[in-house]
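Undergrad: I am attaching a structure below and will ask some questions about it afterwards.
The values are calculated or read from the model by the stated rules, or taken from the named source; none is laboratory data. Quick caveat, the model's predicted, so the values are computed rather than measured. Here the Cβ is made from the backbone with ideal geometry for all residues, glycine too, and neighbour counts use every protein chain on show. The area values use the complete protein model at the heavy-atom level, side chains included, leaving out ligands, DNA and RNA. Shrake-Rupley method; radii C 1.70, N 1.55, O 1.52, S 1.80 Å.
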Amino acid sequence: MLETRTKCGDPIAGRFRTGIAGFDELSRGGLPSGRTSLLSGGPGCGKTVFAIQTLAHAVREHNEPGIFVTFEESANRIRKNAESFGWGICEFDDDALFFVDAQPPQEWVQAGKFDLEGLLAALDARVEQMGASCIVFDALDIVLDLLDNPAEARAQVHRLNAWLMQRNLTALITHKARSSAGHIPLDFMEFAVDCSVHLDKIVVNNVSHRSVQIHKMRGCSFDENPASMVIAADGIRVAGPYNRQPPELASEHIERLGTGIERLDHMLGGGYFRGSGVLITGSPGTAKTTLAGAFIEAACQRNESSLFVSFDSREDELVRNLDSVGIDLRTQIDRGLLTVMAVRAHEGSSETHLLAIQSAMTSLNTRNLVVDPISALVRPGNAPYAHGAAERLVDWAKSRGATVLITSLIVKDKTAMEGTPLQISTMADSWLHLDFAEHSGERNRGISVLKSRGTGHSNQVRELILSDDGIGLADVFTADGEVLMGAMRYQKERARQAELEKRAVETRTRQRQVEAELRNLEASRNAVDAELEALRLERDSIEATKEHEDHIDSTTRAGIGSIRDKDSGAGRDTDDD
Amino acid sequence: MTKATAGNKNLRLTLYVAGQSLNSSRARANLNQALERHGHEQIQPEIVDIYEHRERTLQDKVLLTPMLVLNTPSDRHTLVGDLSITEPLDLLLEYLGAS
């Protein structure tokens, strides 16, 4: 429980962890230990929940006995309400967590000045007996309001503070932020304590937003900005600054995941990166959901647990609509791999939705998340908070290694290239934009890759074609600098086809001509060859005849010669040959 | 520290004080004066110093001090404060005399 701080430079106080998700990060360690903290806020802001959650955490996780003094509600009611959060309040005995009912007695009459000495004496006894280290005074304003003037209230608070310091107790005092008219302003308490935390709740267009802000923390640095908070089934959660580890590219983060559309995979150089954030923007009806569905079906086909958060349609509507373009989610739902979470955007603050998605992802161990559309968070009343929530969701999911695909609606009159309503483009690693191209009386869907980190991606617009068989991409034509799709593309394609066919016919004709000529020439050549051959034969035969005749002639002459000169050398030479 | 005894033995008057603190000292003085004023000198209220009897603070629900409690078989009347406001105490003592 006690953590010696080195960073903050305060040598005295350690920190007392509240165990409230996000708050210990916001306060960089928790409440100052052995000091008094003030928790202020209007009615229903969660002061009591905050206080008892902190005590319950100390008792349960650190075995630190605590005392809860209640001035407003009965101890039993507080105990009962706290039990529903599942902190095991009912299992703690009086030596672990002790409740003091300090409500002013109902039948009492005020007859002059009084003080809190009775309470402090009682607490003295309990603190000693239990060895308590932490104490909560819930709704101290109730009792301070009974005092006649601010000076007395101040004196009591200082007395209380001194008493707490003496016993080295970590104390949490809750009080209403704004005292109603006629009551003593209790602002001075802010100055008397070492730490002051403010809880707030505002309602914008019927959507409630809770926040928590640390006003002061003596001798220590802290996050000064208000942080969103929700009261969930397991208590308060503060949207804390998540530990943002430097993006380590684990081997799986260079793994490509299929988009569910073959040609889109090519456009993206293989698909989406695992663990990346993908943003799909487009005006209504541009098939954002379809692309999301294709991705999630592909994910399930890889046997990965996937979550589809649908803000627009119910599960059965989603399944039916995607079925019409050949995406079969039903099978994946039945296999238990896909969970569809249909949420109505107006039913809670963006923070509530964020939390619900996070708990679903945690319990399902989700590896792939689709939020369709994230822009649903920007409903009236949520706008100022939605961006933070969306950003944290993407951050959080990515930090768990999940691949996140979010769709976002872009209204026509807003320039898509400038950014999305939620400015999510900065957190997305890949950004696909879907658009209608209107030309010659028809609308066609175009898809382009606006950004894809770490990927050499196509700069070409493709036409997105939805059919019963699924999703396809088609090349588009450009003519006079305009992209052609749909019928125009068809026309263009037909024209090109005709051109090709014409050319093919021409080629075939020419080929035949050439072949015929070739055959003619070959025939002529054969004739000439035959003639040549005949002539050659004739010539050869003439030659042969001539040689024969010469031979006979010479033999004859030789015969005559030998007859004439038998012993001459010439006659011998001839024999040697 | 004898028990408060009025006409009725079932009535008990107890003043809880926090030692010699200003409010508590004043309460003791104011109570004695009022008892005299109403001719109840014979009543000796029980004076409980919560510093000496810390266990009784929770038991008797004495969290604000000083506190004067009149216990009757059917009722419990509680006055909180140094009794410098005399009207509630006067009403209580009149009730005590009447019973």
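Undergrad: Out of all the residues in region A:50-80, which are open to solvent by 50 Å² or more (accessible area, probe 1.4 Å) and in contact with a helix residue (DSSP H, G or I) (Cβ under 8 Å, 6 or more places away or on another chain)?
TA: Passing the criteria: A:GLU72, A:ARG79.
Undergrad: Another one. Return the total of residues in region B:59-75 being out of contact with any strand residue (DSSP E or B) (no Cβ under 7 Å at 6 or more places or on another chain) and facing chain A (nearest Cβ under 7 Å).
TA: The qualifying residues number 2.
Undergrad: If I ask for residues that are open to solvent by less than 70 Å² (accessible area, probe 1.4 Å), in a loop (DSSP other than H, G, I, E, B) and modelled with pLDDT under 90, which ones from region B:65-74 would you list?
TA: Within region B:65-74, just B:THR72 meets the criteria.
Undergrad: Here is a further query. Could we say that A:PHE85 is over 29 Å from A:HIS158 (Cβ atoms), touching a strand residue (DSSP E or B) at 6+ places or on another chain (Cβ under 7 Å) and either at pLDDT 90 or above or not assigned by TED's automatic domain parsing to the domain that holds A:PRO105 (or both) here?
TA: When the stated conditions are applied, A:PHE85 passes them.
Undergrad: So how many residues does region B:1-40 have that are modelled with pLDDT under 90, within 14 Å of the chain's Cα centre (by Cα) and open to solvent by 80 Å² or more (accessible area, probe 1.4 Å)?
TA: 3
Undergrad: Out of (1) within 37 Å of the chain's Cα centre (by Cα); (2) of a type outside the set (S, T, N, Q); (3) under 30 Å from B:ASN23 (Cβ atoms), what's the single condition that is false for A:ILE67?
TA: That leaves (1) as the condition not met.
Undergrad: With A:LEU26, A:LEU38 as the choices, which residue is open to solvent by less than 10 Å² (accessible area, probe 1.4 Å), assigned by TED's automatic domain parsing to the domain that holds A:LEU123, under 23 Å from A:ALA233 (Cα atoms) and in contact (Cβ under 8 Å) with a residue 60 or more places away in the chain?
TA: A:LEU26
Undergrad: Mind checking which residues of region A:315-350 are among the β-branched types (Val, Ile, Thr), free of Cβ contacts under 8 Å to residues at least 40 places away in the same chain and open to solvent by less than 50 Å² (accessible area, probe 1.4 Å)?
TA: A:VAL319, A:ILE333, A:THR339, A:VAL340, A:VAL343
Undergrad: Continuing with the same structure: Looking only at region A:351-373, count how many residues are under 20 Å from A:SER276 (Cβ atoms) and touching a residue at least 60 places away in the same chain (Cβ under 8 Å).
TA: Count: 10.
Undergrad: Enumerate the pairs (first residue in region A:220-235 and closer than 13 Å to A:LEU355 by Cβ and touching a residue at least 40 places away in the same chain (Cβ under 8 Å); second residue anywhere and in a strand (DSSP E or B) and open to solvent by 60 Å² or more (accessible area, probe 1.4 Å)) with beta-carbon separation below 6 Å, excluding pairs fewer than 6 apart on the same chain, so at least 6 apart or on different chains.
TA: Here the result reads A:VAL230/A:ARG237, each pair linking region A:220-235 to a residue that is in a strand (DSSP E or B) and open to solvent by 60 Å² or more (accessible area, probe 1.4 Å).
Undergrad: Restricting to region A:1-17, name every residue that is in contact with a strand residue (DSSP E or B) (Cβ under 6 Å, 6 or more places away or on another chain) and at pLDDT 55 or above.
TA: Scanning region A:1-17 gives A:ALA13, A:GLY14, A:ARG15, A:PHE16.
Undergrad: Are there any strands (runs of 3 or more DSSP E) wholly within region A:53-134 with 2 or more residues that are within 30 Å of B:HIS77 (Cα to Cα) and at the interface with chain B (Cβ under 9 Å from one of its Cβ atoms), and if so which?
TA: Qualifying strands (runs of 3 or more DSSP E): A:97-101, A:108-110.
Undergrad: In this structure, does A:ASP95 turn out to be modelled with pLDDT of 90 or more and open to solvent by 30 Å² or more (accessible area, probe 1.4 Å)?
TA: yes
Undergrad: Can you pull out the residues in region B:76-99 that are within 9 Å of chain A (Cβ to nearest Cβ), assigned to a loop (DSSP other than H, G, I, E, B) and open to solvent by less than 70 Å² (accessible area, probe 1.4 Å)?
TA: Selection gives B:GLY81, B:ASP82, B:LEU83, B:SER84.
Undergrad: Restrict the check to region A:140-150 and report whether at least one residue is part of a strand (DSSP E or B), buried (at least 16 other Cβ atoms within 10 Å of the Cβ) and within 45 Å of the chain's Cα centre (by Cα).
TA: No, the conditions are met nowhere in region A:140-150.
Undergrad: Could you grab the pairs with beta carbons closer than 7 Å, sequence gap of 6+ or different chains, first residue in region A:141-160 and of a type outside the set (Asp, Glu), second one open to solvent by 50 Å² or more (accessible area, probe 1.4 Å)?
TA: A:ILE142/A:GLU72; A:LEU146/A:GLN110; A:PRO150/A:PRO185
Undergrad: Looking at A:VAL109, A:VAL136, can you tell me which residue is at pLDDT 90 or above, touching a strand residue (DSSP E or B) at 6+ places or on another chain (Cβ under 9 Å) and not acidic (Asp, Glu)?
TA: On inspection, the qualifying residue turns out to be A:VAL136.
Undergrad: Restricting attention to region B:41-57, does a residue exist that is surrounded by 14 or more Cβ atoms within 10 Å (Cβ to Cβ), modelled with pLDDT under 90 and more than 10 Å from every other protein chain (Cβ to nearest Cβ)?
TA: Yes; the residues of region B:41-57 include at least one that is surrounded by 14 or more Cβ atoms within 10 Å (Cβ to Cβ), modelled with pLDDT under 90 and more than 10 Å from every other protein chain (Cβ to nearest Cβ).
Undergrad: Could you list all residues from region A:209-222 that are open to solvent by 40 Å² or more (accessible area, probe 1.4 Å) and either within 22 Å of A:ALA389 (Cβ to Cβ) or assigned to a strand (DSSP E or B) (or both)?
TA: Correct list: A:ARG210, A:GLN213, A:HIS215, A:LYS216.
Undergrad: In region A:96-112, is there at least one residue being within 26 Å of A:PRO32 (Cα to Cα) and over 50 Å from the mean Cα position of the chain (by Cα)?
TA: no
Undergrad: Is at least one residue of region A:411-426 closer than 18 Å to A:PRO284 by Cα and at pLDDT 80 or above?
TA: no
Undergrad: So A:PHE137 passes all but one of these: (1) within 14 Å of chain B (Cβ to nearest Cβ); (2) open to solvent by less than 10 Å² (accessible area, probe 1.4 Å); (3) in contact with a helix residue (DSSP H, G or I) (Cβ under 7 Å, 6 or more places away or on another chain); (4) in contact (Cβ under 8 Å) with a residue 12 or more places away in the chain. Which condition number does it fail?
TA: Only one criterion in (1) within 14 Å of chain B (Cβ to nearest Cβ); (2) open to solvent by less than 10 Å² (accessible area, probe 1.4 Å); (3) in contact with a helix residue (DSSP H, G or I) (Cβ under 7 Å, 6 or more places away or on another chain); (4) in contact (Cβ under 8 Å) with a residue 12 or more places away in the chain is unmet by A:PHE137, namely (3).
Undergrad: Mind checking whether some residue in region A:274-292 is over 19 Å from A:SER408 (Cβ atoms) and open to solvent by less than 40 Å² (accessible area, probe 1.4 Å)?
TA: yes
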